[in-house]
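Taking it in order: structure first as structure tokens, then the write-up.
Just so it is clear, none of the values below were taken in a lab; they were calculated from the coordinates. Computed from a prediction, not measured in an experiment: that's the story for all the values here. Glycine gets a Cβ as well: all are built from the backbone with ideal geometry, and neighbour counts include every protein chain shown.
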Amino acid sequence: MDSANGAIQQLILATKQAEATAYGEKRREAYRTTRYLLAGCRSNGISMSELATLLGASAGSVRARSSADGIVSRATFASLASITLNTILRWEATGILPPPTPDERGHLGHAASTLVATLLKSGE
């Protein structure tokens with residue numbers, strides 16, 4: 001992988017696993033989160049071909065699924081990125097991340113692109 005470092009690889013593989021194991025409303029949420037994180041990765045320079053390789057999908061599939069940069073909850077991102085919630089709270093407290101904002105359902109979180117950018121910068 002050219003651009004996708006280990007943290008991004010872990011993140012994308014975890015989203016793939018979350019989709020595979022979720023069911024019902026949780027499955028819809030997992031697919032939505034993957035869509036947001038794929039868009040976040042693309043906006044931070046991770047190529048479609050790299051993401052497609054990680055997901056075991058076509059670049060066209062990644063393109064179709066990565067059109068929306070949405071809000072991802074702190075807890076969900078922490079779990080998928082294998083970091084602690086305290087890490088995200090520290091990023092917020094130090095100004096690396098802005099305060100969380102609500103999505104259309106009223107759930108607090110951060111734009112996927114901002115979370116991915118912070119993960120890449122932090123080296124965590």
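Brief remarks follow.
- For the chain, the 222 nm mean residue ellipticity estimated from helices alone, with every DSSP H stretch of n ≥ 4 adding -39500 (n - 2.57) and the total spread over all residues, rounds to -19000 deg cm²/dmol.
- The shape of the chain can be summarised by an equivalent ellipsoid whose semi-axes, obtained from the alpha carbon gyration tensor, come to 21, 17, 13 Å from longest to shortest.
- Across the chain, C-alpha contacts under 8 Å between residues 6 or more apart give a mean separation that, scaled by the residue count, equals a relative contact order of 31 percent.
- Integer Hz, Karplus 6.51/-1.76/1.60 couplings in order for segment 14-22, x for Gly and Pro: 5, 5, 4, 5, 4, 5, 5, 9, 7
- Applying a DSSP loop filter and a limit of 14 other Cβ atoms within 10 Å to the GluC sites (Glu not before Pro) in segment 1-99 leaves nothing.
- Inter-label distance, GLU25 to GLU92: 2.2 nm, where each label sits 7 Å from its Cα along the C-beta direction.
- A Förster radius of 25 Å combined with the Cβ-Cβ distance from ASP103 to ALA57 puts the calculated FRET efficiency at roughly 0.50.
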